[in-house]
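Reading through the structure tokens given below for one structure.
A short reminder: the numbers here are calculations on the coordinates, not readings from a lab. Remember, it's a predicted structure, so these values are computed and weren't measured experimentally. As a convention, Cβ positions derive from the backbone with ideal geometry for all residues, glycine included, and neighbour counts pool all protein chains shown.
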């Protein structure tokens, strides 16, 4: 029998997460995939979860007004991430106009210029990059060639962060 667990490297972003049973959810997802010839698609998961007695039902937001607002927030994230800036004086490729930063106030997007001009924001971005690379490495740990490349990138990010942390700051 297959044993299902939740990914331990990120918080469970799930409605009623405290009541979530990874084994029941894993089995339910497996059953949904089996109906579709092994292809698990989000739309099929939502459709199966519509049944009030389905194990996944309680983990979805069924109030259309709440779900619609969350969907619009996701659309806003996509819009923010899609905007790039181009320096007309420089021939470099377009860069992200905003970067996602996690801090005590939660996650927000900060202008690229603000990040470039702030050691603290640079450190936050580098720490997030290291966490992302760690997660990527864990996800693909069975593919050694890819993990070797990710390890090199993670080491470079850590060295850059260390250099910024140890750089003298203006008083």
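General observations
- Read-out P(r) over Cα pairs in 10 Å bins from 0, in percent, derived from the coordinates shown; its label in [x] 8, 22, 31, 25, 12, 3, 0; [y] 10, 33, 33, 18, 6, 1, 0; [z] 10, 35, 26, 16, 9, 3, 1: [x]
- Theoretical gain in end-to-end length, residue 155 to residue 127 [0.36 nm per residue, Cα-Cα removed]: 8.9 nm
- Across segment 1-71, the mean sequence separation of Cα contacts (distance under 8 Å, 6 or more residues apart), normalised by length, yields a relative contact order of 30 percent.
- Segment 64-166 - percent relative contact order, Cα under 8 Å, separation 6 or more: 16
- Per-residue Cβ neighbour counts within 10 Å put 104, 127 in the sequence 104, 127, beginning with the fewest.
- Mean sequence separation of contacting Cα pairs (under 8 Å, at least six apart), scaled by the length of segment 58-100, corresponds to a relative contact order of 28 percent.
- Taking the longest Cα principal axis of the chain as reference, the axis of helix 144-166 is set at about 50 degrees.
- GNM remark for the chain: springs join alpha carbons under 10 Å apart, and the peak mean-square fluctuation among 45, 35, 83 falls on 35.
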